[in-house]
Structures are given as C-alpha cells and as structure tokens.
Amino acid sequence: MSEKALVYLDIDLKHKHLIIGEAAGMANGSGRTLIRQLLSEGQVRYATVQSTDRGLEGAELPALEGPCGLIMTTTATNIHPEDENRMLSMNMHESPDQIMAALIAQAEGNSKKKYKPNLAPWFELYRSIKNGSKNVSIPFAKKIAKQLPLTHDKIKRDFPQVLSLIKASALIHSKNRAIDEDGAVVANEDDYALVRNLVNAALSEGLAKTVPATVRKLVEAVEKLTDTRHKGALSNGVSHSKLAEYLDRDQSVISRTAKQAVEDGYLRNNNPGQGREAELVVGDRKLPSGSVLPSTNLLFDEQPEREYAPWECTAPAKPKRRTIDW
C-alpha cells in the first residue's frame, strides 16, 4: 500500500485484522507511524491540507476506527524496533523436517476427501460465552509480573497481551472455571499453561532471552568448525559455502541466517564487504537459553514446609515480647 493509504480507506477496521503480505510493501515514514498508532491507540486520526475555494485549508479526515489486529509477513531478518515493540514476531521453522511436512501436506491436499464441518458446537460455544460473564479475574497475575525480565522496555507492551490471552482462554473454558463473588470468571493454571505454550518462545526471542533454532544451530556449527581442539579446525573463520556443506542447507539460507547472527552479535565476520567470502567466527555475545514466562511449576507449586527429623533442632520460636509498666 502507499504511505498514507490507510487514512483514505473508506472502511471500518474495528474488530478486524489488517493483513499485509510483505512488510516491504508498507512504506517507511508516516505509513509505519499510522500502523503504530492504530495498534497502540485503537484508531488513527489524521489532519491534512485540502484545496478549497478559499485556498488551502487544514482539515481532519474521518477517523479510522479500531481496535485492529495486524498480521504481517517478511523474509527480512528484522523489522523496525518501533514496529517490533508493538508486535509478536513468530519465526518460521526452516528445518528439512518442516519442509518435508509441508510438502506432504501439499501432496495430500488434493487427495483428501472434503467434508462439511459441523459448526453447531462452535455457534453454541459463542452463544454461551456471549450470554455469560465477560469479566475475568487472574489471581496469579502479580506473581507472573514479579517473574518477568526487566531488561527491555518492550515487556510493558508484551505483558498486557499475555494477560489478554489468559482471559480469552478462561472465557472459552468458562463452564469449567470457578466464578468469584463479583461474578468474574477465575482463570487457573490450565489457562496459563496453554498461553505459555503458545507464545513463550516468541516472547523469549523478542526479548533476546533465547534465539531461533536456525541461529543457534548456525552459531554452534561455527563454534565447532573453529574449535582448535578438533582436527581440521578453520583458523581464519568459516565461509558460507563451508557452513552450507556442513549443515546440508542451501547457501542462500545460510547467508540470511548468518546475517542475522552477525547483526545480533552472536557471530563476527572477519572479512566483511560485498563480494568477499565471509570469514565467520564466534562473536562476543553468548547464546542465551532463557525464558520470559516462568514455568508452571515455578508459578503454581508451593514450597512444602520442611519436616524436621527427631534429632534435628526445630525451627526457633519467636521470642516473647516483654512489656514494662512505668
């Protein structure tokens, strides 16, 4: 789309998803700014200059109403940090097993018998949720907050999305959830476990607490090929072609992944420049293996009180308070 096409679209985006098939198709400048405003504020207000009989006059266009979801794809290794702060990036798996699974699914697509799905249970679920309570209580929300990393400001935008997903799960399963004294559905451990399984990997990659499997595999390959403890180690660094041969992947895939690893500091290219053969070595930044969302065990399992053996001293009693009468 053009840079300011959004504000001139005579459509309602409220409770819809805007799908952009390629991020490069959205121009930089105010185009990206309008997307950010739509995601953050739930609407876009835009003033422009229009020609009238009295000359040029400023005028505000009709507001583009949200809230609106956004789905955007790209082959780029990263997007603008201000965009990234408002999105949840999902890295696609590029392993040979995943490619084979996709090919098999494509092969079976034309041969599978088509059937008409029974939508009645889904409409019944919708009516049930519609007529029930929309309020959700998350009694463990504060415990999640206290376990979150504070190294990146992005967490302030990610955490409300996590809470929204937990609320959505609780509403969908409201018939199997408790209702508190205020009539709100009470989210439980199952809702948290579902959401954590769904988004923890993406959140952890977005906050640099872990890296995509493709980057990890590539960095570990460079580390092994340059390890002087092994016979045949490469002292000057590893080229893209050598990595492609070692990992049995296409060189273009290796080049794109290596570019991301170099930009993030996990690798260093000792021979940079267009047309030069790369000499990749392990960078100064260590591969992280952390997690943003705490495990269910850490969040919900209470520490049992210690049982003292007969020969052990019991926990000391609190000293009695002595009062003095004046």
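The values are calculated or read from the model by the stated rules, or taken from the named source; none is laboratory data. Computed from a predicted model, the values in this text were never measured in an experiment. Cβ placement follows ideal geometry from the backbone for every residue including glycine, while neighbour counts extend to all protein chains displayed. For accessibility, only protein heavy atoms count, side chains too; no ligands or nucleic acids. Shrake-Rupley method; radii C 1.70, N 1.55, O 1.52, S 1.80 Å.
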Task: Accessible carbon and sulfur surface of the stretch 176-260 relative to its total accessible area, %, 1.4 Å - done: 44 percent
Task: the chain - share of DSSP beta bridges that are antiparallel (%, nearest 5) - done: 65 percent
TODO: Can you spot the lysines whose alpha carbon is less than 24 Å from residue 175's alpha carbon? Ignore those fewer than 8 places along the same chain.
DONE: 130, 134, 167
Open item on the list: What is the distance in Å between the Cα centroid of the stretch 201-224 and that of the stretch 92-171?
Closed with: 23 Å
Open item on the list: Quick check on packing: order 78-88, 64-74 by the mean number of other C-beta atoms within 10 Å, highest mean leading.
Closed with: 64-74, 78-88
- [ ] Just the number, please: Stokes-Einstein D of the stretch 108-218 in µm²/s, Kirkwood Rh from C-alpha pairs, 37 °C, 0.692 mPa s.
- [x] 196 µm²/s
TODO: Using only Cα atoms, figure out Rg for the stretch 1-139 and give it as a multiple of 2.2 N^0.38 Å.
DONE: 1.49
Task: Coordinate range along principal axes, alpha carbons of the stretch 185-278, Å, largest first - done: 60, 31, 22
Open item on the list: Let me spell out the model: positive unit charges on the Cβ of Lys and Arg, negative unit charges on the Cβ of Asp and Glu, origin at the Cα centre of the chain. What dipole size does that give, in debye rounded to 20?
Closed with: 460 debye
Task: Kirkwood estimate for the stretch 104-164, i.e. one over the average of 1/r between Cα atoms, Å - done: 16.5 Å
Open item on the list: Given axes a ≥ b ≥ c from the Cα gyration tensor, I'd like to know whether the stretch 241-291 is rounded (a/c under 1.5), prolate (a/b larger than b/c) or oblate.
Closed with: oblate
TODO: For the chain, report the accessible area per residue in Å² (1.4 Å probe, heavy atoms, rounded to an integer).
DONE: 71 Å²
TODO: In a Gaussian network model over the chain where Cα atoms closer than 10 Å are linked, find which of 75, 214, 52 has the largest mean-square fluctuation.
DONE: 52
Open item on the list: Using only DSSP helix segments of four residues or longer, with each worth -39500 (n - 2.57), what per-residue ellipticity at 222 nm results for the chain after dividing by its residue count and rounding to 500?
Closed with: -12000 deg cm²/dmol
- [ ] From the C-alpha gyration tensor of the chain, pull out the three semi-axes of the equivalent ellipsoid (sqrt of 5λ each), sorted largest to smallest, in whole Å.
- [x] 41, 38, 25
TODO: Return the FRET efficiency for the residue pair residue 9, residue 263: r is the Cβ-Cβ distance, R0 is 25 Å, and the value is rounded to the nearest 0.05.
DONE: 0.15
